[in-house]
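Notes follow once the structure below has been shown.
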Amino acid sequence: MQERTILELYEAMLSSRSLEEAITHLWNEGYIFGEMHLGIGEEAIIAGILSHIIPGDAIATDHRSTPPFVMRGVDPEALLLELLGHPKGLCSGMGGHMHLFSQDLLLTSSGIVGSSGPSAVGFALAAKYRKTNNIAVAFFGEGAMNQGMLLESLNLAASMNLPVLFVCKDNNWAITTQSNEVTGGVLLDRVQGFGIEAREIDGSDVKAVWQATKTAIPRMRGGKKSPYFIQAHCTHKEGHLLGDPLLRFHRAPKKEFGAVTGPLTKSVLHYKGGRIDKRIGSVAKVLSLIAKSRMQLSDSKDPIKRLEKDQTELGKQFSQIQLAIQSEVDALVTGVMNTLKQEVSQ
Ligand SMILES: Cc1ncc(C[n+]2csc(CCOP(=O)(O)OP(=O)(O)O)c2C)c(N)n1
């Protein structure tokens with residue numbers, strides 16, 4: 001993998017992350033209202049895959065549409081205005097963050113869980129009829145894998161040899177339900193049962209995503225068209241939507257928290273562990289380990305901080321990208337908010 005590719009992927013992810021952080025701020029301030037589902041934590045999946053996408057390819061997304069829309073090149077101002085409900089927004093302010101469409105870029109999003117499947121199948125069928133080498137990508141969460149329309153889409157794509165890349169962004173949560181508690185069997189087995197090639201990857205590792213799709217996507221385009229399935233694991237640290245961070249842990253916080261914490265904390269939460277004084281001792285040990293690793297992360301061991309100080313060409317480019325994106329997003333938000341304030345005062 002070339003340095004240029006790494007920087008491009010980083011730039012794509014940072015553009016999306018910075019815009020979503022600005023969106024979070026506007027939502028907290030009350031300028032954006034209603035539910036807000038962010039794609040923070042999914043950036044590596046989207047960036048890795050979209051870097052292999054060519055003009056004419058179509059993308060259907062779920063309710064976490066900001067990263068794919070930003071990374072595919074939608075005008076961020078139009079996107080931001082859309083979230084603010086403005087008539088100059090991408091969909092005239094009528095779509096909000098979940099129901100977006102760009103005819104030029106063949107991009108669509110929907111809050112109906114599982115519906116990116118049928119949309120992508122439709123796009124792929126059109127590409128096949130037109131005899132182009134384009135593909136369609138469907139992004140969805142693992143919760144959607146129990147929706148009939150997505151299973152029907154897998155079946156149609158397989159039986160009609162349609163070039164659809166099905167991407168399951170698996171964080172094992174569907175709002176407050178742990179997906180593995182309501183899912184029968186193994187997802188990859190289920191997909192392979194349709195005759196579709198399927199692969200599981202770490203969706204937080206942009207290199208892994210990029211590499212997994214580097215050969216798979218070109219294969220889908222040429223010769224015998226065929227669908228492909230990726231299960232990419234990821235985490236949504238902020239919860240299902242803005243404003244409900246710990247709602248998921250309401251039923252049995254100790255039990256549920258244990259499942260998503262790191263191995264050290266998990267070991268302390270074990271029910272059938274040692275005596276309470278020993279366990280308190282372990283907590284102290286864990287806390288000191290956390291403090292120690294924080295200290296280590298805060299200096300030269302943090303790869304991001306190291307790159308920021310790095311005087312090599314890569315380090316310099318990295319810092320330039322960070323600065324450029326942050327000032328672009330700041331200028332965008334300030335510009336949009338000033339325009340809105342002027343409009344309101346007139
Ligand atoms: C057909 C349908 N059923 C239920 C809902 C309500 N709903 C919104 S998001 C969501 C959870 C989706 O989980 P998942 O697909 O794993 O995506 P995640 O939010 O975890 O990224 C549900 C059930 C919906 N929007 N559409």
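The values are calculated or read from the model by the stated rules, or taken from the named source; none is laboratory data. From a predicted model like this one, the values you see are computed outputs, not experimental measurements. Here the Cβ is made from the backbone with ideal geometry for all residues, glycine too, and neighbour counts use every protein chain on show. Just so you know, the surface numbers come from the protein's heavy atoms only, side chains and all, with ligands and any DNA or RNA stripped out. Shrake-Rupley method; radii C 1.70, N 1.55, O 1.52, S 1.80 Å.
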Under a GNM of the chain (C-alpha, springs under 10 Å), which listed residue has the highest mean-square fluctuation: Leu80, Leu314, Leu165? Leu314
Using only alpha carbon pairs under 8 Å that are at least six residues apart, calculate the relative contact order of the chain and give it in whole percent. 17 percent
Quick check on the chain: of the DSSP beta bridges with both residues there, what percent are antiparallel, nearest 5%? 15 percent
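Report in % the part of the accessible area of the range 122-161 that belongs to carbon and sulfur, leaving out ligands and nucleic acids; probe 1.4 Å.
For the range 122-161, the apolar C and S fraction of the accessible surface comes to 53 percent.
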For the range 103-219, the dipole about the Cα centre with charges only on Cβ (Lys and Arg +1, Asp and Glu -1), to the nearest 20 debye, works out at 560 debye
Using a Gaussian network model on the chain with a 10 Å cutoff between Cα atoms, which of Ala127, Ala232, Ala157 fluctuates the most? Ala127
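Could you pull out every whole DSSP H run in the chain that spans at least 27 Å of Cα extent along its own axis and averages -0.5 or higher on the Kyte-Doolittle scale?
Correct list, ordered by number: 3-28, 276-298, 313-345.
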Too long at a 23 Å Cα-Cα cut-off: which of Lys169/Lys316; Lys169/Lys305; Lys128/Lys214? Lys169/Lys316; Lys169/Lys305
Below 14 angstrom from the Cβ of Lys88, what's the summed charge of the other residues (Lys, Arg +1; Asp, Glu -1)? -4
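Shape call for the range 6-105 from the C-alpha gyration tensor, a ≥ b ≥ c root eigenvalues: rounded (a/c under 1.5), prolate (a/b greater than b/c) or oblate?
Since a/c reaches 1.5 but b/c is at least a/b, the shape of the range 6-105 is classed as oblate.
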Compute the distance from the alpha-carbon center of the range 122-177 to that of the range 69-115, in whole Å. 20 Å
Once the in-chain neighbours fewer than 8 apart are removed, the aspartates and glutamates whose Cα is under 20 Å from Lys309 read Glu3, Glu8, Glu11, Asp299
Calculate the dipole size of the chain relative to its Cα centre from +1 charges on Lys and Arg beta carbons and -1 charges on Asp and Glu beta carbons; express the result in debye to the nearest 20. 1280 debye
Options Gly143, Asn180, Gly89, ranked by Cα towards positive dipole end of the chain, top entry (Cβ charges): Asn180
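Counting Lys and Arg as +1 and Asp and Glu as -1, what is the net charge of the other residues whose Cβ lies under 11 Å from the Cβ of Met160?
+2
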Under 14 Å between alpha carbons, and skipping anything fewer than 8 positions from Lys237 in its own chain: which aspartates and glutamates qualify? Glu20, Glu21, Glu42, Glu43, Asp170
Out of residues 5 or more away from Asp62 or on other chains, whose amide H comes under 5 Å of its own, with H placed 1.01 Å from N in the peptide plane? Ser110, Phe139
GNM on the chain, C-alpha springs below 10 Å: top fluctuator among Leu332, Leu241, Leu307? Leu307
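Using the Cβ atoms and a cut-off under 13 Å, what net charge is assigned to the surroundings of Met337, where Lys and Arg are +1 and Asp and Glu are -1?
Numbers: positive: Lys341; negative: Glu29, Glu77, Asp330, Glu343.
Here the charged neighbours net out to -3.
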